[in-house]
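Reviewing the structure listed below.
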Amino acid sequence: MQLIYEQSVSGRRGVTLPASDVPAAPALPANLQRSEPAALPELSELDLVRHFTNLSRRNFSVDTHFYPLGSCTMKYNAKVLENAAPLFSPLHPLTPLLPGGSDLCQGALGMLYDLGQMLADITGMDEVTTQPLAGAHGEMTGMLLVAAYHKAKGNKKKYVVVPDSSHGTNPASAAMAGFEIVTIPTAPYGDMDLELFRQAMNGEVAAVMMTCPNTLGLFNPHIKEIADIAHAHDALMYYDGANLNAILGKVRPGDVGFDLVHVNLHKTFGTPHGGGGPGAGPVGVKQALVPFLPMPRIVHDESSGLLQVQTDSPRTIGRTANFFGNFGVMAKAYAYLIMLGREGLVQVAEQAVLNANYLKEQLKGWYELPYEQTCMHEVVFSAAKQLAHGVHAIDIAKFLIDKGCHPPTVYFPLIVKEAIMIEPTETESKATLDSFIAVMIEAAELAASDPSAFGAMPVTMPVTRLDETKAAREQTVCCLG
Amino acid sequence: MTSHYCPHTPQEMREMLDVIGVADIEALFAPIPPELRCKTFNLPSGMSEFETFARMQQLAADNCSQLALFIGGGFYDHLIPAAVDHLAGRSEFYTAYTPYQPECSQGTLQALFEYQTAICRLTGLEVSNASLYDGATALAEGALMAVRATGRSTVLVDGCISPIARQVLATYLSNQEVTIVELPPLDGLLHRDELAARLDHDTAALLVQYPNVFGCVEDFSPVADQVHAVGGLLVTSVYPVALGMLRSPAEVGADIAVGDGQSLGNPLSFGGPSFGFIAARKTYIRNMPGRIVGQTVDKNGRRGFVLTLQAREQHIKRHKATSNICSNQSLCALRGLIFLAALGRGGLVELARLNYDKAAYAKSSLARLPGVTVLQSAPTFNEFTIHLPRPADQVVAGLMAKGIVAGLPLGQFYEGAEQLLVVTVTEKRSRKEIDLLVKELEVLLCN
């Protein structure tokens, strides 16, 4: 397909702007003026629409294909959410900072306030900030809160402990907050090695970051004990909410010893992933961390009964983003929560776990299952059996593409060789799961009978396997005019 | 319980549980120790989508959206072509995720490559990533990128940069071994003497913004030379619509350009989602944060696109990554691309000109009011600062009652600025609205 720049014809326009109703102003001084207009593409509206419509058709998406990308919770995104967010489009974010301005946006402030309360209830926390713009941004906010908490207590803390199965964002976010990382290996039973963890803990550990269930899809039965050990060293327990979908209404991180959490609204709370974003990563904290929360915060003013915006507080970490986060994403998550409600959320966790265990049972005869216990919302296989025939996890992924299925996450978590990480989510029907099972079995059979067949796959897409080395070497990241 | 959302019938669930070999769903939660199980869960019961939408409409109605906005401060009320909503609203785009499997994600990948190209052409720089969260975090990432690229640890920050963005910068860098030195504004401009005194061989970067928070546009070319002379980098934060008229960051001599993409086809939406952009000279590409799309070919020689230089990123480098960012603001960046493509080369110039002319009209009209003076230290684009004969907060509150948001009072951000008001005029403000602002302000000031 041509690039949009290759379709450009000088003088064409995709939109007509209103004529000016004011006199033309004198020109800017020459030393401030652009020498030449930016070489943006020039197309008619129809050509523009065709270009992007045709591009969209070159994507697999949840609305077009089964998308069991592990760790990403690619659930169906209800359409009413898309209708709800634009209701708030005209609101200027500085409105509540103007004198009397918060009176003009009580609906928006109220929605954020209620969302915070619901997320606090779901996670077992006391307060929530909706400011963080993505999961990793929530992690960084959380680690800055951890640093501020210890600083206020006069604690000398240096390290953040993570299991080796953790998401890469965990150590990266801790590093952004100035911490050094201690990584604990996973024990043969699939959880962080408790003994090594115990040995690694000391007074210089600021926090322990855990995903629970972890990236193997396993719920750590020792989680309370881990929290107790951490607390004995005055280390805080951070809950990476990437896998919260599995335990909605079943376990609350705050009840099992976590001090702060982030949740991924785009994973657990049904907002779309947008081809890589925007997401949202609100952070919930226990009381002891509340004084450090970022500004601005929404507070309930008892005397007027109205919501107000607090812009400063003596011990705040400051500001991790402009205002109240990705507001449009919050609006969708809020609609999701009030639509599903208490029973609906419990059902989400139950059916997500049911679907993952169903796939696990149906496929374990065909693919190596490194951890056999009951899984939560996702299951991690290894393509080790197929590798014996020279077929890798990536080959199976490309086979799946040709069968009209988005591949699971492959090669993560890093601790499983040839990992295939499958997260079906609760919104998929049994029929969809059954056809996926059939395709996965077909791949396993083909790996045994004709392993060389995989090399050419995928054959049904606009392109087949791409030369990633060439991309990294040539670094062509834009098309210069 | 079968719902529109969770599709299993009781019979299907029974069949699945039988395959698994457990009696009921509860058995699947057996790995969770019983004493850890949730005891309270107070969420209200659910409702239909119709009731849900009605509730959202109620909440939306509890905001005042019928205001004439003369406020900007980094968030601008611009026109959005209808095609933007329709194309970015295609669920093949918005329900996909990060294009980790390139063969079935060429739509997103090519669009992001085209987006990166648009950002490069707008800024004049050679490389762009596939988006950051917003303009403020992009400024912080730009500073960190300069620190990495130079191996130095002092960042000089023009006090004329948006105060909110400076707060975000300070928070981002608070636990890094980086010193931030803020240069106090001088008459709404970069304090050049202060800069000269502070520049040294530990300067990683100077951060500036144009137009700045006062609306002023100044020539930073000589500043670029000064910063380069000590081996530092110039990081410019820019308002992309203004780049329809103003010199590009590359023309100014910037090494890194950042900004907020809200003004490019993204609604105000109470502050998000928008997107941040970052572009740089090619030599710094390995120091870039976030995802980058690169062009390549497939086995048959056909052009295609992939995520590239991933060894910079957290999923590979973990704590040694250039940033912790994973999810970005891809869909908002797509909106930005569609917006720019709809306007095209000539359209962006025309849009910038409309903003410039309308603001100039408002500026000269307001300047005629008794007691009102306009900050004249530099040319402006679509924002300018006026000095009022009384506190700007009072004026803004008074005009709000007339359905006008007159601007952003600077008193909460700068000492002694209680009577300063930044007025923004985009192409959406009609002459009638501008005249009304002037008239109502005159009435207010006479009373």
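What follows is calculated from the coordinates using simple rules that are stated; it is not laboratory data. For clarity, every value in this text was computed on a predicted model and none was experimentally measured. As a convention, Cβ positions derive from the backbone with ideal geometry for all residues, glycine included, and neighbour counts pool all protein chains shown.
What to note about this one:
- Between A:Glu180 and A:Asp450, the modelled label-to-label distance comes to 5.6 nm, taking each label 7 Å out from Cα in the direction of the beta carbon.
- Quotient of C-alpha Rg and 2.2 N^0.38 Å, computed over segment B:77-121: 1.32
- Cα gyration tensor shape for chain A, rounded if a/c is under 1.5, else prolate or oblate: oblate
- Peptide B:273-280 shows a mean partner chain C-beta count of 3 within 10 Å per residue C-beta.
- Chain B: antiparallel DSSP beta bridges as a percent of all, rounded to 5: 55
- Neighbourhood charge, 12 Å Cβ-Cβ cut-off, centred on B:Gly215 and excluding it, Lys, Arg +1 and Asp, Glu -1: -1
- For the residues of B:168-174, the average number of beta carbons from a partner chain within 10 Å of their own beta carbon is 6.
- A dipole drawn for segment B:10-54 from +1 and -1 charges on Cβ atoms has a positive end, and of B:Leu28, B:Ser48, B:Cys38 the residue lying farthest that way is B:Cys38.
- Charged side chains reduced to their Cβ positions (Lys and Arg at +1, Asp and Glu at -1) give segment B:10-54 a dipole of some 240 debye around its Cα centre.
- Burial ranking of peptide ranges B:58-69, A:276-287, A:208-219 (average Cβ count within 10 Å, highest at the top): A:276-287, A:208-219, B:58-69
- Centre separation in Å (Cα based) which lies between segment A:178-197 and segment B:391-447: 58
- Classification of segment B:10-54 by its C-alpha gyration tensor yields an oblate form. The axis ratio a/c (a ≥ b ≥ c) is 1.5 or more, and b/c is at least a/b.
- Options B:Phe214, A:Ala30, A:Ala172, ranked by Cα towards positive dipole end of the protein assembly as shown, top entry (Cβ charges): A:Ala30
- Considering only Cα atoms, the convex hull volume of segment A:407-472 works out to 155 Å³ per residue.
- Straightening the chain between A:Asp301 and A:Glu372 buys 20.3 nm, computed as 0.36 nm per residue apart minus the Cα-Cα spacing.
- Chain B - charge dipole about Cα centre, Lys and Arg +1 at Cβ, Asp and Glu -1, debye rounded to 20: 780
- Separation in nanometres of the label points that stand 7 Å from Cα toward Cβ, at B:Leu79 and A:Thr311: 3.3
- Charged neighbours of A:Gly344, selected by a Cβ distance under 11 Å, balance to -2 (K, R count +1; D, E count -1).
- Förster radius 51 Å - calculated FRET efficiency between B:Asn447 and A:Gln287, Cβ distance, rounded to 0.05: 0.60
- Taking only the Cα atoms of segment B:89-230, the radius of gyration and Dmax are 18.0, 55 Å.
- For A:Ile181, nonlocal amide neighbours, meaning residues 5 or more places apart or on other chains whose placed amide H falls under 5 Å from its own, are A:Val160.
- Prolate/oblate/rounded label for segment B:40-132 (Cα gyration tensor, a/c 1.5): oblate
- When the P(r) of chain B is calculated, the portion above 43 Å amounts to 24% of the C-alpha pairs.
- Per residue of A:354-365, other chain Cβ atoms within 10 Å of the residue Cβ number 4 on average.
- With N as its number of residues, the protein assembly as shown has a Cα radius of gyration that, divided by 2.2 N^0.38 Å, comes to 0.92.
- Dipole orientation for the protein assembly as shown: of the candidates A:Gly275, A:Asn83, A:Ala438, A:Gly275 has the Cα lying most toward the positive pole (charges on Cβ; Lys, Arg +1; Asp, Glu -1).
- Diffusion coefficient, µm² s⁻¹, Stokes-Einstein with Kirkwood Rh over alpha-carbon pairs of segment A:342-461 at 4 °C and 1.567 mPa s: 89
- The charge dipole of segment A:342-461, taken about its Cα centre with unit charges on the Cβ atoms of Lys, Arg (+1), Asp and Glu (-1) only, comes to about 160 debye.
- Membrane-span-like helices in chain A, defined purely by DSSP H runs whose alpha carbon atoms cover 20 Å or more axially and whose average Kyte-Doolittle hydropathy reaches 0.0, are A:106-123, A:135-153, A:327-363, A:430-449.
- Cα extents of segment A:81-338 along the three principal axes, largest first (Å): 56, 39, 29
- Cα centroid separation, segment B:222-289 to segment B:91-113 (Å): 25
- Förster radius 60 Å - calculated FRET efficiency between A:Val9 and B:Phe41 (Cβ-Cβ, nearest 0.05): 0.50
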